[in-house]
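Structure, as structure tokens:
What follows is calculated from the coordinates using simple rules that are stated; it is not laboratory data. Given the structure is predicted, the values throughout are model-derived calculations rather than measurements. For neighbour counting, all protein chains shown are included, and Cβ atoms are generated from backbone atoms with ideal geometry for every residue, glycine included.
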Amino acid sequence: MGDPHLLSSAHSASATTYSARKHPSPIDEPFSDPSPSVTKRPRVAAEPSAPSDAAPHPEAEVRSLVMMAGGIYPLARAEGLRGLAAVLEKVDAGCSVGARIADCCYECAAELMRDDDEGVRLAVVRLVGLCAQKFSARMDIDAKGHGDLMDLIFLQLSSMARDMCTKVRIEAFSALGKMQRVSEGVLLQSLSKKVIKTDTMSIINGQKLLPKIKIPCAAGIFAHGIEDEFYQVRTAACTSLGALAKFSSQYAEKALDLLMDMMNDDTEAVRLQTLQALFHMATYGYLSMEEKHMHMFLGLLVDANALIRNAAHKILGLVNLPKLQMFKSALDGLITSLEKNPEEQDIYGILFSIGKNHGSFSANIAKHLAKEITMASHGELILDKPRIKALLIVSISASFSDDKHKKLDIPSIIFSHTISLLEKVSSALGDEVNEDSILSYLCHKGGMPFWGNRSISTEFGVSESCKVETVEIGAKVENTAKTAKCLDRVLVMQSMESILQTVEVAWTMKMSSDIFEAQTILRTCKEELKVLAENSAGSIGAFSSFLCEYLHAIHLIIEIWQLIKLDNSYTFGLTSHDILLEKFNISIRRMEYCYAGLNRELEVQVLELSLLANLFGLSKIGACSKVVLGKLLWIISRLEGLCADGSCELSDFSREIKKALDANPNGDTLIGNIHTLFELFHVKPTTDFGMVKEISAVLQVCDNSSENPLSYICGLPVGVSFNISLWNISSHHRLWFRMSIGESVQHAFLEFSSFEGNEEVKNGSMVVPLDATPMAHSFVLRVCLLMECSYGISTNQGGHGGPSDCVVQLSDELDVYFFSTGQR
């Protein structure tokens, strides 16, 4: 433990000031500012240094930093304050040393609140905010008679929120949002520009306010903040408004009026942050919507911006609507939004949440909807209409309401009509309820049989109003969860088989004149596989992705074959064949190198695609080259190796190519028989995939966008920090960054040494230097990760510090934005 007098001596030169006000407070003028004058900087006397062999104490470090903060140079003062903040973050304010350090840091910061340098004032606000967090963590703060300290700091930060510097105002509002233990009177004053008058024994909402705490400097500070000319300040003010609402219901009610006014702000970022603040209030149960707010809020449900609509949806799912008319207005708004934006299917989940939170209102909707269904002509009702779907979801949600003290009678016809919306109900209830149980419950309540003997219970934790009688069942459905999981896998595999059968039919159409229909079928199958890949995990998801790539290659084969049959390069341009062939080769490389664990049958199919690609290359050249012949021989050798144990056989297509090469090593026979060989090629997709794993990567650059570019100096190198995630990458893989600016391309090798994780997932970061920047005001750097491929025969594409062989792109291309700050 350090010397207890060490910190007190740091302010020995200003002892009179320190003793006069241990915690600086506003002077007694009506509109006084609690911040001290710029002339009252701390002057710290030097002290003998500690022995060199003694371990450094936090008090000694604080003493040195306080001396630096009391210096004559603004940069030194700011750096000293930042150093104090760094020390304070590490200490425990609950112990005696930590408490003294927090007090010392606060005293030092308070003396510099009126400094004439913006950087110093910014550091002051950050340090005061940190001190407030440490003070609030001290359990004995009120016991020592300093209950007004947090109010005082709130007032000081309020004063700094009026600073001329934009950055200081932003930081002050951010610090206000993190305050705790602030009295309700001070919080209410921060919302009202009208000053709350106080005397010796003033009482605000039953709370005594000491006369020495003058609050005019906090008057309407948030009202001023949301009217600031800079949107960043308005955003920070909205954030703090929502964060402080959890401390006072009366404050939350008045803050809501200010936040609703911000819905008319011209800046999208402010409106989004306002909605985030409202969501924060709703999460803590302090958002009570009133009728005067409904018109403004419902307008957000049809906003042109999808992010704003989505945020408004989430708030409605949590908020309490006290009147039936408000409830119906909210439903109408959501239904209108759904009709205009049918792709936003998450609205059904929001409707379920609103109905569940207002059980009696939902039951009322259910009764009216049941009458509408009964009165429909011929007993028919168009269930595809968004309005009917939405009202059914709301009606059924009443069964899961928490209104246990009310008996909610829902007509059975509602349950029977909701069966068609089983997937939406299951999605709204979440993973804790399996779809099978929901279906059995709906059938039972709707008076319909379900699997004869089926046990219906309240396993999904609904309220008393949702409990049903138990029905005997057999042993077929004991393991519902496992059965459902196996059933999902079986259904996915059946879908894959159906898609692949369709692909084989499309392939047989390639020789006919109906080639465009074949291409349409392939595109449709590829889209269906994409959906399966996005909704499947593990090997099934990886294999679905592999099949997408396979179908892409088949589609390219048909296009290339169409060009070869027409044999008129001038119709399509001189490079059309080359472009398609390069796309075909890229697709093959992705199948071969971006998927680990392919079984022999799949490997054989990929290699046969490689044979076909080389044949297409020969048809374009019209003569055999040594490179192409070498590739053909290497592929045939690999195919023979895979088929050596008899587990699979060479196809007629591969066998005929081998015969042609054996008969004529120059390859002349191949060129003359390309059409015949192509007819021997058959699409043979399989669903036997084993344990396939997809090799992929994700690149990210933190805090970079077109509105927040990185800075650089024209002509000088610049480093770019990337966050990288790698899936199924092993140590033998060679990865490269490819960075391009227009036609200029630079490569950088990716080292795995600093990455953490296992063979399945690795995460790490790396700073990659860009050797030269253009002489321009701004530019966009396009970056992606490449994986080097080796076909056994080096194509020697690299050089100049890049990959030495063929490559395949592992990650999506990332745009990194730069803005020049000067020239060399």
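How large is log10 of I(q)/I(0) for region 226-322 at q = 0.10, 0.11, 0.12, 0.19 Å⁻¹ when the intensity is taken from the Debye formula with one equal scatterer per alpha-carbon? Cα-only, vacuum Debye calculation for region 226-322: -0.22, -0.27, -0.32, -0.84. If you take the beta carbon distance between V698 and K167 as r and set R0 to 35 Å, what does 1/(1 + (r/R0)^6) give as a FRET efficiency, to the nearest 0.05? Plugging the Cβ-Cβ distance into 1/(1 + (r/R0)^6) gives 0.60.
Packing-based ranking of 495-503, 534-542 yields 495-503, 534-542, ordered from highest to lowest mean Cβ neighbour count within 10 Å. The packing ranking, built from the mean of other Cβ atoms within 10 Å per residue, places the peptides 95-104, 671-680, 58-67 in the order 58-67, 95-104, 671-680, highest first.
Distance between the pseudo-spin-label points of L324 and N341 (7 Å out from Cα toward the beta carbon): 3.1 nm. A protection proxy built from the mean count of other Cβ atoms within 10 Å ranks the segments 753-764, 418-429, most packed first, as 418-429, 753-764.
Over 28 Å between Cα atoms, which of K90/K254; K178/K254; K90/K762; K178/K356; K328/K424 qualify? Where the Cα-Cα span goes over 28 Å, the pairs concerned are K90/K254; K90/K762; K178/K356.
For the residue pairs K193/K323; K340/K385; K314/K371; K340/K367; K167/K193, alpha carbon separations beyond 20 Å are given by K193/K323; K314/K371; K340/K367; K167/K193.
Net length available on complete extension from R181 to S731 is 192.6 nm, with 0.36 nm assigned per residue and the Cα-Cα distance removed.
Tell me, what is a quarter of the convex hull surface for the C-alpha atoms of region 652-760, in nm² with one decimal?
The directionally averaged projection comes out at 14.0 nm².
Temperature 37 °C, viscosity 0.692 mPa s: under these conditions the Stokes-Einstein estimate for region 625-677, based on its Kirkwood radius over C-alpha pairs, is 283 µm² per second.
Max-minus-min Cα coordinates of region 68-183 on each principal axis give 38, 28, 19 Å, with the largest extent listed first. 3J(HN,Hα) along region 100-108: 5, 5, 4, 4, 5, 4, 5, 4, 5 Hz, from the Karplus curve 6.51 cos²θ - 1.76 cosθ + 1.60 with θ = phi - 60°, whole Hz, x for Gly and Pro. Could you give the distance between the Cα centres of region 234-294 and region 700-747, to the whole Å? The distance from the Cα centre of region 234-294 to that of region 700-747 comes to 39 Å.
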